[in-house]
Structures are given as structure tokens and as C-alpha cells.
Amino acid sequence: MTRAALLAPPLVLALAGCGGNQNSLDPGGHGERSIAHLFWVMLGVSLVGFGFIVTLLFLGWVRRDRPYLPGGRGERTATQLVLLLGVALPIVLLVALFVWSDLFVLSSTAAPKRPTALTVRVIGHEWWWEVRYRGSSAVTANEIHIPVRTKVTAIVTTADVIHSFWIPELNRKTDMIPGRANRLVLEADRPGVYRGQCAEFCGLQHAHMSVEVIAEPKPRFDAWLARTAEPAPGGSPVFAKNCSGCHQVRGTEARANVGPDLTHFASRRTIAALTLPNTPPNLRTWLRDPQHVKPGNRMPNLHLSNGEWRALERYVESLR
Amino acid sequence: MAVVERVERLEEIWLERPGVLGWLTTVDHKRIGLLYFWTTLVFFAAGGVEALLMRTQLAQSDERLVSPETYDQLMTMHGVTMIFFFIVPITTGAFGNYLVPLMIGARDMAFPRLNALGFWLFLGAGVFIYSSFLVHEAPNAGWFDYVPLSLRQYDRGHNVDFYALGLIFNGIATTIGALNLIVTIFKLRAPGMSWNRMPLFCFALLATALSLIFALPALTADCILLELQRKLGFHFFDVAHGGDPLLWQHLFWIFGHPEVYIIVLPAFGIATSIIPTFARRRMIAFPLVAMAELLVAFIGFGVWAHHMFSTGISTATLVFFAAASMMVVVPSTIQIYAWVLTVNLGTPVFRAPLMFIGGFITFFVLGGLSGIMFAAIPFDQATTDTYFVVAHFHFVIFGAAVFPLLGGIYYWFPKVTGRMYHEGLAQLSFWLTFAGTALTFFPMHIVGLLGMTRRVYTYDHGLGWDAYNLVETIGGYVLAAGLLAIALNIAWSARRGPYAGRDPFHGGTLEWTIPSPPPHYNFAVVPTVRSASPNWDEEARQEDLERLERDELVLAGGHETPTTTVNDAELSQIAEMPPESPWPIALAVSVTIAFALLLTSHYASAGGFLALALLMLAGWHAAEPEEA
Ligand SMILES: [Cu+2]
């Protein structure tokens with residue numbers, strides 16, 4: 001970052017300093033760090049090039065009464081300059097950029113061919129993310145727990161249209177395309193929450209299709225995984241009647257996959273792909289009027305009695 | 001016959017019917033050019049209003065000014081309008097039609113009626129696609145309309161059908177226009193205008209038209225496959241039946257990337273017209289620039305997959321397309337230095353048109369540099385589909401394609417209307433649009449890097465995006481004010497501006513040798529061409545007067561224009577040009593009805609109207625002029 005700070009102090013302040021936790025220039029892992037590095041160098045060279053051409057243009061205005069180049073040179077020199085600056089110099093710079101970025105950085109950040117210690121499957125749905133762990137019965141949604149400082153392979157697919165999986169502070173993005181399973185490495189240097197968002201337009205609620213990667217120390221991650229793999233202690237009749245057509249609560253008869261698995265919903269941080277923080281009042285708002293909170297999403301407004309709502313809320317809040 | 005009589009005779013032969021009817025049946029390239037101009041400006045205004053609505057919605061986080069449904073329609077139609085119904089038709093249709101014959105010394109386009117047909121079909125396609133707003137079913141899957149989102153399962157209304165049929169329809173119109181430009185440039189150049197003397201503007205339009213001819217079929221095929229799947233249940237894009245959604249993307253971008261050059265090439269052409277005039281010297285490195293223009297169009301066909309770097313296609317493919325994309329840079333840098341150094345070598349007068357070119361160069365370099373960054377695959381994969389991309393292509397499309405257009409409007413305004421625009425207001429409009437463009441699009445780079453993805457109808461507070469978005473929205477309104485100032489200037493000056501005379505800027509090309517506005521027949525005598533800047537060639541102009549005296553190549557005997565050989569432009573034949581005709585507009589109406597019926601799945605009646613259109617073609621030929 002020091003080199004970059006020299007190149008463009010105001011931009012660096014603007015870019016690396018503020019911003020939420022979805023800032024591609026505030027890398028939290030190897031993949032994104034090489035990309036950010038690439039960017040700062042390209043920015044530096046670009047600023048020089050931009051400055052040069054704008055200066056030439058400005059000179060054209062300043063010296064508008066003199067029909068020759070500085071030093072009295074004429075058309076011959078100008079044509080040679082076109083060849084030098086417009087052909088030779090760009091070729092040299094482009095070849096350098098190509099070798100560095102498209103051969104070197106590209107391969108050094110590629111997903112490893114061999115399986116990593118941990119593999120998560122992320123499945124895009126209109127407009128939420130299903131998350132599964134290889135070798136575990138844990139299923140969750142809209143948050144991906146990973147152990148810190150560990151290479152985790154994410155295999156991304158889709159249940160419907162094309163989405164794109166992108167955690168800006170960790171790595172580049174990769175699309176979720178029907179019939180394909182694309183792979184990406186997630187690796188976080190420090191514990192923390194890294195926000196991401198669907199990057200390919202996927203319909204009405206594309207704007208509210210966000211996801212969090214939660215990186216924690218290995219022991220805490222292991223405990224989380226073990227707890228999440230467990231089934232729920234029991235079912236609820238109101239839930240079975242109204243919600244089991246779309247949701248799964250493992251250990252009960254609710255087994256559908258239209259909406260997120262709710263087995264441990266109460267221990268999640270957010271509701272509806274980061275649309276609302278997961279608090280009891282927000283849950284109430286969401287359950288009673290999901291179409292206002294996230295217009296067009298695939299969970300319909302249901303019409304239940306007050307007593308039924310309260311029973312449901314208590315039940316959903318108990319799914320820890 | 002005396003000279004005066006000969007000119008009067010020409011006037012009589014080339015005069016068209018007066019009044020509205022004259023406009024509906026016209027085959028005069030200048031009138032058709034103006035029809036294109038006004039129509040595309042209406043579409044530009046529509047696309048602009050769509051953009052302002054979106055910017056207002058995005059001014060702050062969690063705004064609920066428009067619903068997500070409406071936003072998606074605005075966003076899709078903004079893209080579709082600006083690309084298919086503004087830039088391409090205004091450059092090829094308005095500027096190309098009006099100026100190419102004047103610059104090459106012809107009396108009309110090669111196929112005047114086809115020209116009219118192209119316009120009316122374009123208008124029909126525009127009305128067709130915009131009528132979708134009346135039924136609240138405007139296209140809504142983004143301008144690149146990816147499957148499966150645009151398939152029936154996910155998009156049940158007519159929205160995507162309007163899109164696909166509208167683009168097929170518009171593609172017919174554009175192809176017709178492009179063919180006409182190519183043949184005109186090949187065959188109708190005045191005797192003596194060999195390739196090395198043809199204005200660079202015409203080179204640019206030739207490259208554009210050639211690209212269109214080769215690029216459009218991919219889009220048309222794509223849209224046909226999509227409609228077959230949506231309406232008749234085929235499975236081209238359906239994985240479960242052996243199809244592939246990436247097929248849509250490949251075909252789309254095989255068209256879509258050349259389209260970028262289709263958009264900017266005419267702008268390059270305008271820049272290379274304005275710069276020599278105001279720098280008061282000819283362009284340096286003429287052959288290099290001409291070659292660069294053709295080369296850009298050609299390489300543009302080999303880079304499409306750089307729009308698909310994050311789809312997971314193989315690394316070898318990625319690397320190939322990244323390398324090809326880098327090659328496109330060189331022809332552009334050649335042109336940039338040629339422009340800038342021409343300004344430096346000349347004694348430029350910075351009037352409004354040249355100022356717009358200055359803005360163009362600034363923004364084009366900016367957009368070009370961010371474009372090069374995308375050829376670094378890992379960086380592309382990080383920033384694609386974010387506002388960084390939105391910033392990049394608006395600098396290229398608005399900054400680099402529209403700025404020269406705006407400069408071009410001022411530059412040729414006196415030629416078209418015979419009156420001068422208001423210089424002060426013009427310069428004010430430049431500074432407003434310049435500041436507006438920078439304010440609107442520059443911060444988009446930053447929010448993009450801060451993680452803001454594109455095509456979102458709203459965004460959360462607390463991600464650090466609010467302030468930038470607010471600035472962008474304010475910039476949008478400044479930009480709109482600048483464009484309004486231009487509109488005002490045109491409206492006022494067209495009626496009140498001082499008379500401009502034949503050649504107010506001392507331009508080098510042939511259009512400045514004739515009166516303003518140009519007479520119906522364009523040139524009283526087929527002009528003499530002995531250099532690349534014929535209007536600066538006193539002897540050749542003297543020769544024209546002598547030819548007129550001698551009645552050599554005046555062609556006052558009929559509705560005629562000379563044709564020449566393709567390479568050396570030697571006189572080969574005198575061609576009889578067709579008179580005005582109601583057939584083009586009638587045919588276009590019938591095709592429009594056919595498309596409306598296709599939309600509503602009335603295939604038999606649609607077939608009926610297409611058959612009617614074919615019958616009209618027969619009528620059109622039956623009324624062909626007698627061989628002279
Ligand atoms: Cu999505």
C-alpha cells in the first residue's frame with residue numbers, strides 16, 4: 001500500500017480507508033491481495049499516460065499560434081512520434097502487463113486442482129444462497145463459515161438463473177451457471193465478516209442477494225459445523241401446515257428446498273440474504289409482510305391469525 | 001444552355017413534393033438524414049429520462065421512488081435505446097446519410113428508396129419496442145438479456161418478446177442502411193476520389209457499416225433462437241435437454257463487442273473531420289489513421305469472450321481473448337496521438353466543435369485506460385459487473401462516442417440549416433456536459449471498487465457508497481442541463497442565427513464547396529477531386545466552374561449521378577436515380593403490423609402481412625423508372 005499511497009494519495013484515502021466490508025481494495029486474503037496490487041500498479045501507469053496526453057492537448061491550446069512542435073519540429077517528427085508513442089510504447093507496456101497479469105497472477109491465484117481440506121458448495125437461488133459442507137449434513141443459507149487462514153474450495157452452482165458469487169475482499173468473482181460447477185478459493189487472513197453480493201443480474205431482487213463469509217479460528221469453526229449439522233429438537237404444527245411446502249427444518253417433516261433451510265435460523269445474523277438484521281422485531285416484520293420488505297421475493301404474504309403468528313415466531317426463534 | 005438555366009433545370013429535376021407528403025415519400029438522402037436525426041433525438045431524450053429516473057432512485061440508499069419492476073424496465077430500455085435507437089442510427093443514419101454523399105461528391109445514396117425503407121423500418125421498430133411501455137411490459141432482463149433469466153419460466157410477460165422481436169426488426173433496418181453506405185462509398189465517389197483521397201469520416205463509416213453487416217447476424221440468430229424457445233418450446237439454451245445458456249452469451253457478444261467499435265468508429269470519423277478544420281492543417285499520418293480505423297473494426301471481431309471472463313470458460317480461452325483484447329489498444333493509441341499532434345502542429349481555434357473533441361480525447365483516454373485494465377484477467381474477474389464497468393463504458397460510449405457527435409452537430413449545423421449557432425451558448429453547453437459527464441461517471445469507478453454491483457435498484461446504507469451516488473446523480477442533472485442547452489441552441493439558431501454562408505469554418509472536404517443548406521441536387525456539377533482536401537484546392541474548384549460552363553458532368557438531362565470504379569474512382573457510368581415513392585413507408589407499416597402479430601402469436605396473420613410486404617416489393621419494382 002505504501003507505493004500506492006505515493007501514487008495517488010487522495011484516491012487511496014477514498015478507496016482503502018472508508019467503505020464498508022465489501023471493498024475490493026481492502027483485501028483480506030491472498031487472492032484479492034494480488035488483484036488489488038495489480039490494480040494499484042495499473043492505476044499508477046495509467047495516471048502517467050493520462051497526464052501525458054492531457055498535457056499534450058493543453059500544450060496544443062497554449063501554443064495555438066505556433067504551427068510547429070516545441071523545438072521547431074514539423075510533420076516528420078510528429079509522424080515518428082505517432083509511431084513511437086502510439087505503436088512501440090503501448091506494445092512494450094501491453095506485453096509486460098500480459099505476462100504479469102494473464103500468465104503469472106492468473107495462475108498463482110487459480111483454484112487448486114487437488115481438493116482442499118474443506119469444500120463448501122454454494123448454490124444460488126432467486127434471491128438467496130444455499131450453503132452446504134462436503135462430508136457434513138450441515139445446511140445453511142446466506143452465510144458461509146470458514147476457518148481462518150485455510151484454503152477453502154467453493155464449488156458454485158445455481159438452482160435457477162445465472163448468479164455470480166463475489167466476496168470482494170477475498171477473491172475475484174465466478175458465475176453460477178446452469179449445467180456448470182465453477183470453483184474458487186476462499187481464504188481469509190484474519191477472523192472477521194466479509195460481505196459479498198450477487199454480481200450477475202438475476203431478476204427483481206438482485207439488489208438484495210447478499211451473503212457473508214464469516215472467518216473464525218478453527219476450533220470455533222469446528223464447533224459451529226458440528227452444531228449446524230444437528231437436527232432441530234422438534235417440529236411445530238403451524239409451521240408444518242404453512243411453511244413446510246417451501247422450507248426445511250431437519251429432524252421434522254418440513255423438507256422442502258424452495259426457501260432457505262431454517263434448522264438453525266435463529267443463530268444466523270441476518271434475514272433474507274442480508275436484507276434485515278436478524279432481531280425478533282425484524283423477524284416479525286419479515287414473516288408478516290415479506291413482500292414489503294423484499295418486493296417480489298419468492299416467499300408470499302400469508303394470512304394467519306394473531307395467535308398463529310405468535311406461535312410461529314416463538315418456534316422460529318427457538319431454532320438455534 | 002446557359003449556366004443559370006442548367007442549374008434551374010437541375011433544381012426542377014431533383015425537387016420533391018412539398019409538405020408532409022413530401023417527407024413521407026422522400027428519397028433524398030438529406031431529408032432522410034434529417035428524419036433520422038429528429039427521430040434519434042427523441043429516442044435520446046427517452047433514454048435520458050430513463051437514466052435520470054434511475055439516477056434519482058439511486059441518489060440515496062434504500063430509496064423507494066420506483067419499484068424493482070419499473071427499475072429493471074428502465075435499466076433495460078435505457079441500454080437498448082441508447083445503443084440501438086440512438087447511437088447507431090444517429091451516426092450511420094443521420095450523419096452517415098446526410099454527409100457521406102456530400103463528402104464524396106454524389107447526388108444521393110446508391111439506393112435512395114432502400115434508404116427510405118431503412119428509415120421507416122427503423123421508426124417502426126422503435127415504435128414497436130416502445131409500445132411495450134403502454135402495456136407495462138417493457139423489456140426487463142437487461143440489455144444483454146441473459147438466459148435463463150429471459151426464458152419463459154422466469155419472465156412470463158411479453159417483455160422479452162418485445163426485446164427479441166424488436167431487435168430482429170431493427171436489425172433489418174440497420175442492415176439495409178449499412179449495405180447502402182457500403183455500396184455508396186464503393187461506387188459513388190466523385191471521379192478522382194481514389195481511396196487515398198477519401199475523407200477519413202467516410203473510412204470510419206465504411207468500417208462501421210462493414211462491421212454491422214458481419215456482426216448483426218449473430219444477434220439476429222440469437223434472438224430467433226430465443227423466440228423459438230420462448231414461443232415454440234425449443235431447447236437451445238436448456239441444460240436439461242442438452243442446450244447451453246452460454247450459447248446465448250457467445251452469440252450475443254460476437255455481435256456485442258464489434259458493436260462497441262460500431263459505436264465509436266463514426267465518432268472517430270467526426271473527430272478526424274473537425275480536427276483538421278479547426279487546427280487549420282491536414283491530419284498527420286493519414287494512411288496510418290485510415291488503416292487503424294479499418295483494423296479496429298477487424299480486430300473487434302476477435303475479442304468477444306472478454307465479456308465472459310467470469311463464466312468459468314477454460315484458462316486457455318481466457319488468455320487468448322485477453323491477448324486479442326490488448327491488440328485493439330494499438331490502433332486506438334495511433335489515432336489518439338495523430339489527433340493530439342495534429343492539434344499541436346496546427347494553429348487551432350478553440351471553438352465549440354473543437355472543444356467537444358478535446359473533451360472526447362480526454363474521456364476516451366480515460367475510458368481506454370480503464371478498458372486496458374480489463375485485459376488483466378484477474379482484475380476483470382474482480383470488477384466485471386460492478387459500477388467500475390459502468391464507469392468504463394460510459395466514458396467510452398458517452399465520452400468518446402457522444403461527445404464528437406455533439407461537436408459534430410455544431411460543426412455541420414451551419415451546413416444543414418444555413419445559419420450559425422450561438423458560440424457562447426455552445427461553449428457553455430460544452431462545459432456543462434463536460435462537468436456533468438465527469439461528475440456522473442467518474443465516481444462510479446470508486447463505488448465499483450468499493451463493491452457496488454451494477455443493475456441494482458437500490459443498495460444498503462453503510463457500505464460507503466451513499467456520497468458517491470449522490471454526486472453521480474447531481475452530475476446526471478448537470479449533464480442533462482448541458483444537453484438542454486444544446487437543444488435550445490439548435491432550436492433558437494435554426495430560426496434566428498445569422499446566415500452562415502457556404503463555408504464558415506473553411507473545412508477541407510467537399511460538403512463545404514456547395515451552398516448551405518445544400519440544394520436538392522447537392523452539386524451543380526460533379527466535383528473535381530485531386531487531393532484529400534478538395535475544398536482547399538483552389539484549382540479544382542476553378543475547374544468545377546469551367547466544367548459548369550462547358551456543361552461537362554452537369555448531368556442536367558435527368559435524375560442522374562455518376563458511378564465510378566471501386567479503387568481508383570474512374571468514371572464508369574451515369575446512373576439513373578429513382579424518384580420519390582410511397583412504397584417504402586407502406587412496406588414498413590405492413591412489416592410493423594406483422595411484428596406486432598408475431599408478438600401476440602398470431603402467426604398466420606403475421607405471415608399474411610409479410611406476404612403483403614412482398615407484394616409491395618413487386619409494386620415498388622413495377623414503378624421503377626424507365627431506362628433513360
Ligand atoms: Cu443473483
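The values are calculated or read from the model by the stated rules, or taken from the named source; none is laboratory data. On a predicted model such as this, the values are computed, not experimentally measured, just so you know. No Cβ is skipped: glycine too gets one built from the backbone with ideal geometry, and neighbour counts run over all protein chains shown.
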Residue satisfying condition, being part of a helix (DSSP H, G or I) and of a type in the set (A, V, I, L, M), within set B:Ala485, B:Ala532:
B:Ala485
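Just to be sure I understand, how many residues within the stretch B:393-414 are under 28 Å from A:Asp175 (Cβ atoms) and buried (at least 24 other Cβ atoms within 10 Å of the Cβ)?
As a first pass, look at the stretch B:393-414 and keep what is under 28 Å from A:Asp175 (Cβ atoms): B:393-398.
Remaining after also requiring buried (at least 24 other Cβ atoms within 10 Å of the Cβ): B:395.
Qualifying residue count, the stretch B:393-414: 1.
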Being of a type in the set (A, V, I, L, M) and part of a loop (DSSP other than H, G, I, E, B) is the filter here, so list the residues in the stretch A:212-268 that pass it.
A:Ala232, A:Val249, A:Ala254, A:Ala256, A:Val258, A:Leu262
Any idea which of B:Asp238, B:Asp145 is under 27 Å from the mean Cα position of the chain (by Cα) and among the charged types (D, E, K, R)?
B:Asp145
If you take the residues in the stretch B:454-480 that are aliphatic (A, V, I, L, M) and not in a loop (DSSP other than H, G, I, E, B), which one is nearest to the other protein chains (Cβ to nearest Cβ)?
B:Ala467
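At pLDDT below 90, assigned to a helix (DSSP H, G or I) and over 30 Å from A:Ala159 (Cα atoms): is that true of B:Gly269 in this structure?
Values: at pLDDT below 90: no; assigned to a helix (DSSP H, G or I): yes; over 30 Å from A:Ala159 (Cα atoms): yes.
Taking the combined requirement at face value, the residue does not satisfy it.
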Going through the stretch B:314-332 in order, the residues found to be more than 16 Å from B:Phe298 (Cα to Cα) and polar (S, T, N, Q) are B:Ser314, B:Thr315, B:Thr317
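Among residues belonging to the stretch A:193-211 that are away from the ligand (no atom under 14 Å from the Cβ) and surrounded by fewer than 23 Cβ atoms within 10 Å (Cβ to Cβ), point out the one that is farthest from A:Ile35 (Cα to Cα). Show your work before the answer.
Narrowing the stretch A:193-211 to residues away from the ligand (no atom under 14 Å from the Cβ): A:193-195.
Still in the running and surrounded by fewer than 23 Cβ atoms within 10 Å (Cβ to Cβ): A:193, A:195.
Working: A:Val193: 20, A:Arg195: 17 Å.
Taking the candidates together, the pick is A:Val193.
Output the residues belonging to the stretch A:134-181 that are within 12 Å of chain B (Cβ to nearest Cβ), more than 16 Å from the ligand (Cβ to nearest atom) and not in a strand (DSSP E or B).
Taking the stretch A:134-181 first, the residues within 12 Å of chain B (Cβ to nearest Cβ) are A:155-181.
Restricting the remaining residues to those that are more than 16 Å from the ligand (Cβ to nearest atom) gives A:155, A:169-172, A:179, A:181.
If the condition is that a residue be within 12 Å of chain B (Cβ to nearest Cβ), more than 16 Å from the ligand (Cβ to nearest atom) and not in a strand (DSSP E or B), then A:Glu169, A:Leu170, A:Asn171, A:Arg172, A:Gly179, A:Ala181 are the ones that fit.
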Tally time: how many residues in the stretch A:270-308 are more than 14 Å from every other protein chain (Cβ to nearest Cβ) and touching a residue at least 24 places away in the same chain (Cβ under 8 Å)?
8
Read through the list (1) closer than 24 Å to B:Gly269 by Cα; (2) outside any helix (DSSP H, G or I), then give the number of the only condition that B:Leu99 fails.
(2)
Residue pairs within 8 Å by beta carbon, gap of at least six or interchain, first lying in the stretch A:170-184 and small (Gly, Ala, Ser), second away from the ligand (no atom under 16 Å from the Cβ), listed first then second, are A:Gly179/B:Val239; A:Gly179/B:Asp244; A:Ala181/A:Ile155
The stretch A:113-133, residues that are within 14 Å of chain B (Cβ to nearest Cβ) and away from the ligand (no atom under 16 Å from the Cβ):
A:Lys113
Of the numbered conditions (1) under 21 Å from A:Ile123 (Cα atoms); (2) more than 15 Å from the ligand (Cβ to nearest atom), A:Arg190 satisfies every one except a single condition; which is it?
(1)
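Identify, please: which residue in the stretch B:276-285 is out of contact with any Leu (no Cβ under 7 Å at 6 or more places or on another chain) and within 13 Å of chain A (Cβ to nearest Cβ) and is, among those, nearest to A:Ala88 (Cα to Cα)? Steps first, please.
Filtering the stretch B:276-285 down to residues out of contact with any Leu (no Cβ under 7 Å at 6 or more places or on another chain) leaves B:276-277, B:279-280, B:282, B:285.
Okay, now just the ones that are also within 13 Å of chain A (Cβ to nearest Cβ), so B:276, B:279-280, B:282, B:285.
Working: B:Pro276: 25, B:Ala279: 26, B:Arg280: 28, B:Arg282: 24, B:Ala285: 15 Å.
The residue in question is B:Ala285.
Would you tally the residues in the stretch B:133-182 being at positive phi and surrounded by fewer than 24 Cβ atoms within 10 Å (Cβ to Cβ)?
Residues that pass the stated criteria total 2.
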Among the numbered criteria (1) within 27 Å of A:Ala36 (Cβ to Cβ); (2) acidic (Asp, Glu); (3) within 11 Å of the ligand (Cβ to nearest atom), which single criterion is violated by A:Glu216?
(3)
